[in-house]
Amino acid sequence: MYFLWFAILAILPLQAGDAGLKLPPEVKPEAGRRLVTITAETAGEIVKWKLPKAGTDGYAPILKEDVVPLDNGKTIKFPIPERPGRYVIEAHTAIGKQSFLEETVLVVQASGPPPNPKLPDIPNPPADTFAADIRRLYLADADPTKATHAKAIAGLYRQGAKLASDQSLKFVGDLQDQIGEAAKILLTGGDHLVDVRARVRSEVVAALVDIEAPLTDDLRKKAADIYGRAAMALEEAAK
């Protein structure tokens, strides 16, 4: 049947650009699609297609076995060629004793790199004003021996962070008393870095609130965090 059809086309006079057969001038596959569809407008019963030939390197953009004809060949579907380029595709049909030829250009564009996905906006973490205050107050202190005292005070704060986990201390006041006793041993020679110590004390009071309150796990974590951050900030400032 197909051989007879091509034989008929071969002996019939061909006409191009006629209303007997219409194709879009260009076909551009839609982004994200795997298949391309081409439809011929014609009153002819059957449409046959001529695919692009393979190049000198043997690459054939469209393989015959990959083409799926529909509606007697008036519509064809096939995979989009892997290589970018402009590929001429011909369609043939006959109406009565007249044969028609028309062509279209399949335009395959190079695919660029996929767009970078939009990352969710991640808010900046809040600035640690507590550490900044300790540094500012330390630098403002005029005591020429402050670096030595800063080391001792930071040691006291690290001791306070450890004491916060002492389960024998039942109330906030117990923790404060123990830190006071540790200060008598670790800090000697009078008061030093008074403003720094006052700032740390205010942070502790704001978090622990009531010295008669039970020392819950939550308050222990808060106390350990404050004393640990205070020690680190003071050590950094004294470097």
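State the answer as a single residue: which of Ser165, Ile185, Gly85 lies farthest towards the positive end of the charge dipole of the chain, with beta carbon charges of +1 for Lys and Arg and -1 for Asp and Glu, about the Cα centre. The listed residue farthest towards the positive side: Gly85. Segment 138-183 and segment 200-239 have Cα centres spaced 9 Å apart. Computed over segment 71-184, relative contact order equals 15 percent, with contacts defined as Cα pairs under 8 Å that lie 6+ residues apart. Residues Tyr59, Tyr227, Tyr87 in ascending order of nearby Cβ atoms (within 10 Å, fewest first): Tyr59, Tyr87, Tyr227.
Let me have the relative contact order for the chain, percent, based on Cα pairs under 8 Å that are six or more residues apart.
Over the chain, the number comes to 19 percent.
Over segment 129-237, Cα pairs under 8 Å with separation of 6+ residues give a relative contact order of 50 percent. Taking the Cα centre of the chain as reference, the dipole from Cβ charges on Lys and Arg (+1) and Asp and Glu (-1) amounts to some 600 debye. Only DSSP H runs of four or more residues enter the estimate; each adds -39500 (n - 2.57), and after division by the residues of the chain the mean residue ellipticity at 222 nm equals -12500 deg cm²/dmol. Under 16 Å of direct C-alpha separation, and excluding same-chain neighbours fewer than eight residues apart, Lys48 reaches these aspartates and glutamates: Glu65, Asp66, Asp71, Glu90, Glu102, Glu103. Residues whose amide H comes within less than 5 Å of that of Ile95, counting only those at least five positions distant or on another chain, are Phe100 (H built at 1.01 Å from N in the peptide plane).
Just so you know, all these numbers are worked out from the coordinates, no wet-lab data involved. Here the structure is a predicted model, which is why all the values come from computation and not from measurement. Every residue, glycine as well, gets a Cβ built from its backbone with ideal geometry; the counts of neighbours run over all protein chains shown.
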